[in-house]
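K.L.:
Structure provided below as structure tokens; questions to follow.
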Amino acid sequence: MSAVFQTRIGAGIALSILALAVSLPHAAHAYDPFRIPSIAWATDGELVDIDGSRNGFILSPDWAINDQVNLKGSGGSLLKDTAGISIGGKLGYDYYANNILLGFITDAFYSFADGKGRGAGAGLYKSELNYYGTVRGKLGVGLGRWLPYATGGYAYGGLEVKDITTGAKSSQGLSGWTYGGGLEYIWNNELTVYAGYRRIDFDSETFSVLPVGQRTITPEMDVIDFGFVHRF
């Protein structure tokens, strides 16, 4: 079993455990630490404390429905842009006061995005986005139950390119920047749901498995994700 495959398996297991942990009883409130969060929608009259529901540490599962990776650079013409879905989790902290939210988020995703060759590389090369994640800030404005926000920061990932004919592979860690925004909605006194969009621009990396003169790839990602947040 290759080291890359082992890494992907390990990452997938870790993120699955993280997502599962959110669904298990945990310390939602100091006075009742083992109560499972309610998933029932609450009316405006049933909401107890909007400010309080937006404060605290974050632990939540996250799903991305569009891992569209545009592969630029000299080697991009040999590869089909990767596309797929991913599953992950996030943690962080939000502080909400005077209708302004300031937050810090770190997330990590196991990705199922891949694509085969095109043009001169059709049928010869395959690309796979193994994982990616971000470390970023968050700034939002509360509008009743709604909270639009902007976010930006550092991004990382792992991309693999394979020569289908020979079986040779080349993997590189990715580093870059991310920016975007989203919209949160207070579902009830314990859960907030959200959807967002982020752009990720990675730096150029060299993949030795590609032909000489066409080894540079500059990945760019468009991510649409959604999930729910339970703060504690």
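The values are calculated or read from the model by the stated rules, or taken from the named source; none is laboratory data. Note that the structure is predicted; figures quoted are calculated from it, not measured. Every residue, glycine as well, gets a Cβ built from its backbone with ideal geometry; the counts of neighbours run over all protein chains shown. Side chains are part of the model used for accessible areas, which takes the heavy atoms of the whole protein and leaves out ligands, DNA and RNA. Shrake-Rupley method; radii C 1.70, N 1.55, O 1.52, S 1.80 Å.
K.L.:
Give me the pairs: first residue in region 68-84 and under 16 Å from Ser111 (Cα atoms), second residue in a strand (DSSP E or B) and polar (S, T, N, Q), beta-carbon distance under 6 Å, and six or more apart or on different chains, which are they?
P.N.:
From residues that are under 16 Å from Ser111 (Cα atoms), the pairs are Val69/Thr82; Asp81/Asn70; Thr82/Ser127; Ala83/Gln68.
K.L.:
Taking region 98-107, which residues are open to solvent by 30 Å² or more (accessible area, probe 1.4 Å) and either in a strand (DSSP E or B) or more than 27 Å from Arg145 (Cβ to Cβ) (or both)? Outline the logic, then answer.
P.N.:
Quick first cut of region 98-107, residues open to solvent by 30 Å² or more (accessible area, probe 1.4 Å) only: 98-100, 102, 104, 106.
Those that are open to solvent by 30 Å² or more (accessible area, probe 1.4 Å) and either in a strand (DSSP E or B) or more than 27 Å from Arg145 (Cβ to Cβ) (or both): Ile100, Leu102, Phe104, Thr106.
K.L.:
A further question on this structure: Starting from residues that are within 9 Å of Lys80 (Cβ to Cβ) and open to solvent by less than 10 Å² (accessible area, probe 1.4 Å), keep the ones in region 108-130 and report whichever is farthest from the chain's Cα centre (by Cα).
P.N.:
By that ranking, first place goes to Gly121.
K.L.:
Sticking with this one: How many residues are within 20 Å of the chain's Cα centre (by Cα) and within 30 Å of Ile217 (Cα to Cα) when one looks only at region 40-75?
P.N.:
In the first step, residues of region 40-75 are kept if they are within 20 Å of the chain's Cα centre (by Cα); the result is 57-71.
Filter again for within 30 Å of Ile217 (Cα to Cα), leaving 62-71.
The total comes to 10.
K.L.:
In region 88-97, which residues are open to solvent by less than 20 Å² (accessible area, probe 1.4 Å) and either of a type in the set (Phe, Trp, Tyr) or out of contact with any strand residue (DSSP E or B) (no Cβ under 9 Å at 6 or more places or on another chain) (or both)? So that I can check it myself, show each step before the final result.
P.N.:
Residues of region 88-97 open to solvent by less than 20 Å² (accessible area, probe 1.4 Å): 88-90, 92, 94, 96.
Matches in region 88-97: Tyr96 only.
K.L.:
OK, next. Just the residues that are closer than 21 Å to Ser74 by Cβ and among the charged types (D, E, K, R), please, taken from region 93-133.
P.N.:
Asp114, Lys116, Arg118, Lys126, Glu128
K.L.:
Hey, another quick one. Scan region 187-215 residue by residue and report those that are assigned to a strand (DSSP E or B), out of contact with any Phe, Trp or Tyr (no Cβ under 8 Å at 6 or more places or on another chain) and either of a type in the set (Val, Ile, Thr) or open to solvent by less than 50 Å² (accessible area, probe 1.4 Å) (or both). Working first, answer last.
P.N.:
From region 187-215, those assigned to a strand (DSSP E or B) are 191-202, 205-206; that's our starting set.
Now narrow it down to the ones that are out of contact with any Phe, Trp or Tyr (no Cβ under 8 Å at 6 or more places or on another chain): 197, 202, 205-206.
Across region 187-215, the qualifying residues are Phe202, Glu205, Thr206.
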